[in-house]
Structures are given as C-alpha cells and as structure tokens.
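Following: one structure in structure tokens, then a few remarks.
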Amino acid sequence: MDNEKLLLFITLSLIGCVTIPPNTFVTTPELLQQRQLETRRYDGIKEADLISASANVLQDLGFNLENSETKLGVLTANKQRDATNGYEVAGAIVIALLGGGATPISKDQTIRVSLVVRPVNDSTSNPMPDSNFVRVSFQRVVRRTDNSEYAETLRDVQLYQDFYERVSKSVFIEAQKI
C-alpha cells in the first residue's frame, strides 16, 4: 500500500513539472498561408448540402468515407495507394551495390482527409444566410519496407485548388438539385 502512495506522489510531482513551450501557440506566416490554402467560403448553400457535396467529391476521387457527423460539420475519409518511388528504389539499389546493405523504401500509403464545415460568424448587420467556411486537409502516412512509418501534411497548392473546383461544381449541382 505504501508503494502505491509513493508511486502516486511521484507521478503527481512529475505532472506538475510539465510546461508548454513558449512558442507553441504562435501563429507563423507559414501556418496562416496553409490555413488560407485549406479554407474556402461558400455562400447560399446549407451546411448539410455542403457536406453532401464535399462527400460526393471525395468519393469521386476514390476516397472511402470513414466518419460523417453532419450536425457537427465533420467528415473524414481515406484511401490506400502504392507509395513506391522509382528514384528511391534506384537509390536503394546503388547503396546496396556499394556495400551499404538493405535500405528501406516506401511501399504503400494511406491518404487521409479531414473536412470541417462551420458557419460564417460575420459581425455585419446583414450577414448572408447559409454562409459557411470549408476547411480540408490532406495527410499521408507512408509505410516502408522495414515496417516503419512517417506522416506528413500534403501542401500541394494544385491538390487543394482541384479539390475546391470540384466542390464548387458539386455545390452548383446540389443547389440546382440535378
């Protein structure tokens, strides 16, 4: 029983020593630029219709919907893809030929999408009805031949532009009930 109290005391003491680094919540220009790339505003369409249009686009792009909570405006999806890279394979072969041994290479990846729709909270006297922000982010988790993994956020401008162009077309179709 005394050992349990000692362990509890040590655990609580260590928790009290944890501090948050001073620049943890500082907004950098890169972060603001990424947020701007990930976010678009849509006016004149209901939140549920916007989520539906976005889900249709993701499915058209080959994603499998994981979770959808329309009341919260959240949607997640993923797809599996090959991650083999010819340059990486060639580099591993060269290293092996030079006696460097086996070098792990990328084999497959899971591309994940998180999408959030939230109402616009304008402080103007005449806010437009059914105005919403959509924020989407694409990440990938790459698995390597040595069973290690790494994850990264995709920052390709063209990826986000293409996604939002498709959403805009889908929103138009959704609004016209075509």
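For the range 135-166, a tally of residues being on the phi > 0 side of the Ramachandran plot and either among the aliphatic types (A, V, I, L, M) or open to solvent by less than 70 Å² (accessible area, probe 1.4 Å) (or both) returns 0. On the basis of being under 23 Å from residue 50 (Cβ atoms) and of a type in the set (Lys, Arg), does residue 166 make the cut? When the stated conditions are applied, residue 166 passes them. Of the residues in the range 114-132, how many are at pLDDT 95 or above and either part of a loop (DSSP other than H, G, I, E, B) or open to solvent by 40 Å² or more (accessible area, probe 1.4 Å) (or both)? Residues meeting the conditions: 2.
None of 155, 135 is assigned to a loop (DSSP other than H, G, I, E, B), among the basic types (Lys, Arg) and under 17 Å from residue 39 (Cα atoms) except 155. Look at the range 70-92: where a residue is free of Cβ contacts under 8 Å to residues at least 60 places away in the same chain and under 30 Å from residue 48 (Cβ atoms) and a partner is among the aromatic types (Phe, Trp, Tyr) and surrounded by 15 or more Cβ atoms within 10 Å (Cβ to Cβ), sitting 6+ places away or on another chain with Cβ atoms under 9 Å, you get 77/63; 78/63; 79/63. Filtering the range 52-83 to residues that are among the β-branched types (Val, Ile, Thr) and modelled with pLDDT of 85 or more leaves 57, 74, 76.
Looking for whichever is among the hydrophobic types (A, V, I, L, M, F, W, C), modelled with pLDDT of 90 or more and over 20 Å from residue 83 (Cα atoms) here; the options are 141, 167. Which one fits? Steps first, please.
Values: 141 fails: over 20 Å from residue 83 (Cα atoms).
The match here is 167.
Would you list the helices (runs of 4 or more DSSP H) that sit entirely within the range 24-113 and hold 3 or more residues that are under 21 Å from residue 141 (Cβ atoms)? Even if it seems obvious, please write down each step before you answer.
Values: elements: 29-38, 47-60, 86-97.
By residue number, 29-38, 86-97.
The values are calculated or read from the model by the stated rules, or taken from the named source; none is laboratory data. Worth saying up front: this structure is predicted, and the values here are computed from it rather than measured. Reconstructed Cβ throughout: ideal geometry from the backbone, glycine too, with neighbour counts over all protein chains shown. The area values use the complete protein model at the heavy-atom level, side chains included, leaving out ligands, DNA and RNA. Shrake-Rupley method; radii C 1.70, N 1.55, O 1.52, S 1.80 Å.
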